[in-house]
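**Student:** Have a look at this one.
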Amino acid sequence: MPEIKPRKIHIREILTAVAFILVAVTAAGRLFYLQIVSYDKFRNDTSGSISSETGIKASRGLIVDANGIVLADNKTVERVFISPADMESDAERQLVSDNLSRILDVDYDTIYEKTLKKKRKDETIKKNVEKEEADMVRAFINKYSLRSVHLVTSSTRYYPFSNLLSHVIGFVGSDNQGLYGLEYQYNEYLTGVDGKIITAKNGLGQDMPYDYEQYIEPQNGYKLVLTIDQTLQSILEKYLEECLEESGADNRVTGVIMDPKTGGILAMATKPDFDCNDPYVLDEKSQKKLESCEYEKGSEEYLQYNTTLLMEMWKNKAINDLYEPGSTFKPLTCSIALEEALVTHSTPFYCPGYHMVPGYGKVRCHKTEGHGALTFDLGLQQSCNPVMMMTAEKIGEDTFYDYYEAYGYTSLTGIDLPGEAAGIYHAEKDFNNVELAVYSFGQTFKTTAIQQLTAVSSLANDGSLVTPHLVKRIEDDKGNVIVDFETNIKRQVVSKKVANEIMNVLEEGVANRLGSSNAGVKGYKVAAKTGTSEKRDKKDKEGGYSLRVASCISIAPADDAAVSMIVIVDEPTLSREEGSMIAAPYNSKIMSEVLPYLGYLPEYSADDEKYRSVTAGDYAGMSVDAASESIKKLGLTATVIGTGGTVRAQMPAPNTEMTVNGGRILLYATDDINEKTVTVPDLVGRSVQECKELLSGRGLNISLLGTPSSSAACYAVKQYPEANSTVKEGSVISVEFRITELDDHTLLQD
Ligand SMILES: [Zn+2]
């Protein structure tokens, strides 16, 4: 950024500048106050040497989301200081010490000692003084027309959303310099350049006109306008929290939502997180680790461990952590084979449950009994490992490696955050047929979440790989655009035709419940691929290799993608470990809120229609006929209780979400409302049909969440209210369904 050159200016200009600044300050409450101007005595002799400089702090640039919502702001605080050189008597010294001690709660003697440093013009009494106290100091100065007490404003960083986007925004140190995240990455732009007033004086002490020599205006820091959307970020974080709780992930969870066409990151989060305003406070889990550590509290080792935990907590899992992607890589293997015209969608394969890899032996399919005869497309949809290995053999090591590079795995994505981890992979000369076999289903190499999402997202961008980024543009404080970050297309990896075809195959797999089904969203076309990778370099507590990374990438709308998303659950401990069972359901939940927010309306298929939900209206006070008609229009049934003509009460309550099919609203057309209560049955583990029957048998409604299906593999995993609670007749019980899949589980062990 440009250097600010000091310039000589005349007194009139100074007065204008000062007046302007005062107006600006009064309006914005930001820069500095009258006291800074009254600080230096105005003397009439310009022959004296320069004796004092008063700094004028530049404001750190704001960080705002794509819609202008401020994510990193500045808070004005003030510093109170005295100029002992300007104190004319001991009475003044005592007066100042006494009052400041009282107002600022600073020891009298401490202040008095400072007043005795008679040559000093700037002795700090208190920093970070908030407005209320500062106003009291100002009143004191005015009351006695003091020239020896001053205030100067400074600003400190303030993050209005605390934990939101913390791993991306980062934080600043006590000197307001960026230490982490975007605050660090763009520190040069955010900092600005401080200004100053340089004053000359002589020793005569006459009160005469101004003789400021120089006034150097501060240049405020530039503003970062992010591609992040605060609403989408909130949606992502809400569900990642829930996912962390359900999975008990030992090594954190992360998620990224991206615009696959521009590479703009719409949301990015890691859980647990931290408060940007208080980054040195450990999250709950890390704090427990610290408390239960073997080191003596306060010892050097203890402090060292605390630092280690902080560093771990601050790491942005989406870009700083490496993992083996597993089956989410399979769409790329398939794209290579199609691009090279080595297969067609209907090429027949046969999976006996394993594939013999020369020089290694049997590598199993997750379906140990084998998929049997299947097409290339089904191989991808059902995530068959032998199909991938046989496909990779057709591709060959050299060609595969070329595409591996073209998809970006051998270089950084170049995302604008510090510390992007470089992938770990075999050098081309070491890439033999065994590596080829296991790379084909995403194992034995490591990448980051952002790398994986970016590579797969190219399929949603007609085959073009883009650079992911977080800053859309940089503006100065007048709104002029300093830098505009446009979409950076790195290269076309596969043709538009092949990219679109892979998207179709994935979308069809989800829609037809062939694989990755739990990532589906009712009413929308979603392409998705789940993955469950084995950790081969980290043993579990028993010394075995049972640790897993569950993940899912989903893209929607599949035919004209607006968003691509990755969710990674690292070492689930409380839930099932497959990406299909613990990551994909969260892709679905997040996507089901993201798509309507972005303006995409659902279009229900005949199958979706069976599970569609509506919101109950408010019928109280309506005539029974009108209410019944309105309920019928929603596709629900009305049951009238009592013989009155007006609805007095209803069940479920207004605005309750409920499934249309079989849904029933009770209308009480009587003054004697006697609502029956019923006990909620235990639904977990049951099929959709069983749940519906059990509930309707007790006069209860259902709201089908997740991916309800008539498939035998689909069952209830959660319900609310819980089993055995007592509710009113007609209440809605929310039940979340998932489809059991083992479709993504890679088994390297024989
Ligand atoms: Zn198979």
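The values are calculated or read from the model by the stated rules, or taken from the named source; none is laboratory data. The structure presented is a predicted model; accordingly, all values stated were derived computationally and were not measured. Virtual Cβ from ideal backbone geometry, glycine too; neighbours counted across all protein chains shown.
**Student:** Could you tell me which of the residues G699, G685 is surrounded by fewer than 21 Cβ atoms within 10 Å (Cβ to Cβ) and touching an Asp or Glu at 6+ places or on another chain (Cβ under 6 Å)?
**Tutor:** Numbers: G685 fails: touching an Asp or Glu at 6+ places or on another chain (Cβ under 6 Å).
Going through G699, G685 in turn, the sole match is G699.
**Student:** Something else about it: In region 357-385, how many are among the basic types (K, R) and away from the ligand (no atom under 11 Å from the Cβ)?
**Tutor:** Of the residues in that region, 1 qualify.
**Student:** Another question, then. Show me the helices (runs of 4 or more DSSP H) found entirely inside region 581-650 where at least 1 residues are closer than 23 Å to L700 by Cβ and over 28 Å from the mean Cα position of the chain (by Cα).
**Tutor:** 606-609, 624-633
**Student:** Being among the charged types (D, E, K, R) and in contact with a Pro (Cβ under 8 Å, 6 or more places away or on another chain) is the filter here, so list the residues in region 685-734 that pass it.
**Tutor:** Correct list: R698 only.
**Student:** Right, another one. Sort out which residues of region 487-502 are touching a residue at least 24 places away in the same chain (Cβ under 8 Å) and not β-branched (V, I, T), and write them in order of number.
**Tutor:** Within region 487-502, N488, K490, R491, Q492, S495, K496, A499, N500, E501 qualify.
**Student:** Mind checking which pairs have a first residue in region 721-750 that is within 15 Å of S516 (Cβ to Cβ) and among the hydroxyl-bearing types (S, T, Y) and a second that is assigned to a strand (DSSP E or B) and modelled with pLDDT of 85 or more, Cβ under 9 Å, 6 or more apart or different chains?
**Tutor:** T740/C714; T740/Y715; T746/V363; T746/R364; T746/G531; T746/T532; T746/S533; T746/E534
**Student:** Out of (1) closer than 24 Å to E237 by Cα; (2) hydrophobic (A, V, I, L, M, F, W, C); (3) part of a loop (DSSP other than H, G, I, E, B), what's the single condition that is false for M311?
**Tutor:** Of (1) closer than 24 Å to E237 by Cα; (2) hydrophobic (A, V, I, L, M, F, W, C); (3) part of a loop (DSSP other than H, G, I, E, B), only one is false for M311: (3).
**Student:** Can we say L436 is within 16 Å of the ligand (Cβ to nearest atom), over 34 Å from the mean Cα position of the chain (by Cα) and at pLDDT 95 or above?
**Tutor:** Numbers: within 16 Å of the ligand (Cβ to nearest atom): no; over 34 Å from the mean Cα position of the chain (by Cα): yes; at pLDDT 95 or above: yes.
Criteria not met by L436.
**Student:** Would you point out the residue of region 409-427, among those that are among the hydroxyl-bearing types (S, T, Y) and surrounded by fewer than 21 Cβ atoms within 10 Å (Cβ to Cβ), that is nearest to the ligand (Cβ to nearest atom)?
**Tutor:** Y425
Yes/no per residue for (1) outside any strand (DSSP E or B); (2) in contact (Cβ under 8 Å) with a residue 40 or more places away in the chain; (3) surrounded by fewer than 20 Cβ atoms within 10 Å (Cβ to Cβ); (4) within 44 Å of the chain's Cα centre (by Cα):
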| residue | (1), (2), (3), (4) |
| --- | --- |
| N67 | yes, yes, yes, yes |
| E78 | no, yes, no, yes |
| V96 | yes, yes, no, no |
| Y112 | yes, no, yes, no |
| R120 | yes, no, yes, no |
| I125 | no, yes, no, yes |
| N128 | no, yes, yes, yes |
| M136 | yes, no, yes, yes |
| N142 | yes, no, yes, no |
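**Student:** Can you name the residue in region 355-380 that is more than 18 Å from L436 (Cα to Cα) and among the hydroxyl-bearing types (S, T, Y) and, of all such residues, is surrounded by the most Cβ atoms within 10 Å (Cβ to Cβ)?
**Tutor:** It comes out as T375.
**Student:** Just to be sure I understand, how many residues within region 444-464 are surrounded by fewer than 24 Cβ atoms within 10 Å (Cβ to Cβ), in contact with a Ser or Thr (Cβ under 9 Å, 6 or more places away or on another chain) and not acidic (D, E)?
**Tutor:** Residues that pass the stated criteria total 2.
**Student:** When L104 is evaluated against the numbered criteria (1) within 44 Å of the chain's Cα centre (by Cα); (2) without any contact (Cβ under 8 Å) to a residue 12 or more places away in the chain, which criterion, by number, is the only one it fails?
**Tutor:** L104 satisfies every listed condition except (2).
**Student:** Let me ask you something else. Select the helices (runs of 4 or more DSSP H) contained entirely in region 172-256, then report the ones holding at least 1 residues which are modelled with pLDDT under 90, more than 14 Å from T270 (Cα to Cα) and under 17 Å from the mean Cα position of the chain (by Cα).
**Tutor:** Passing ranges: none, list empty.
**Student:** Could you run through region 386-408 and say how many residues are away from the ligand (no atom under 16 Å from the Cβ) and of a type outside the set (V, I, T)?
**Tutor:** Count: 13.
**Student:** Next question, about the same structure. Run E657 past the list (1) over 23 Å from K633 (Cβ atoms); (2) surrounded by fewer than 22 Cβ atoms within 10 Å (Cβ to Cβ); (3) charged (D, E, K, R) and report the number of the one that doesn't hold.
**Tutor:** If we test E657 against (1) over 23 Å from K633 (Cβ atoms); (2) surrounded by fewer than 22 Cβ atoms within 10 Å (Cβ to Cβ); (3) charged (D, E, K, R), just (1) comes out false.
**Student:** If I filter region 621-639 down to residues being over 18 Å from N661 (Cβ atoms) and out of contact with any Phe, Trp or Tyr (no Cβ under 8 Å at 6 or more places or on another chain), which single residue comes out as surrounded by the fewest Cβ atoms within 10 Å (Cβ to Cβ)?
**Tutor:** Within region 621-639, the match that is surrounded by the fewest Cβ atoms within 10 Å (Cβ to Cβ) is G621.
**Student:** Before we move on, is G442 in contact (Cβ under 8 Å) with a residue 40 or more places away in the chain, more than 16 Å from the ligand (Cβ to nearest atom) and part of a loop (DSSP other than H, G, I, E, B)? Don't jump to the end; show me each part of the working.
**Tutor:** On the way: in contact (Cβ under 8 Å) with a residue 40 or more places away in the chain: yes; more than 16 Å from the ligand (Cβ to nearest atom): no; part of a loop (DSSP other than H, G, I, E, B): yes.
Spelling it out, it is not the case that G442 is in contact (Cβ under 8 Å) with a residue 40 or more places away in the chain, more than 16 Å from the ligand (Cβ to nearest atom) and part of a loop (DSSP other than H, G, I, E, B).
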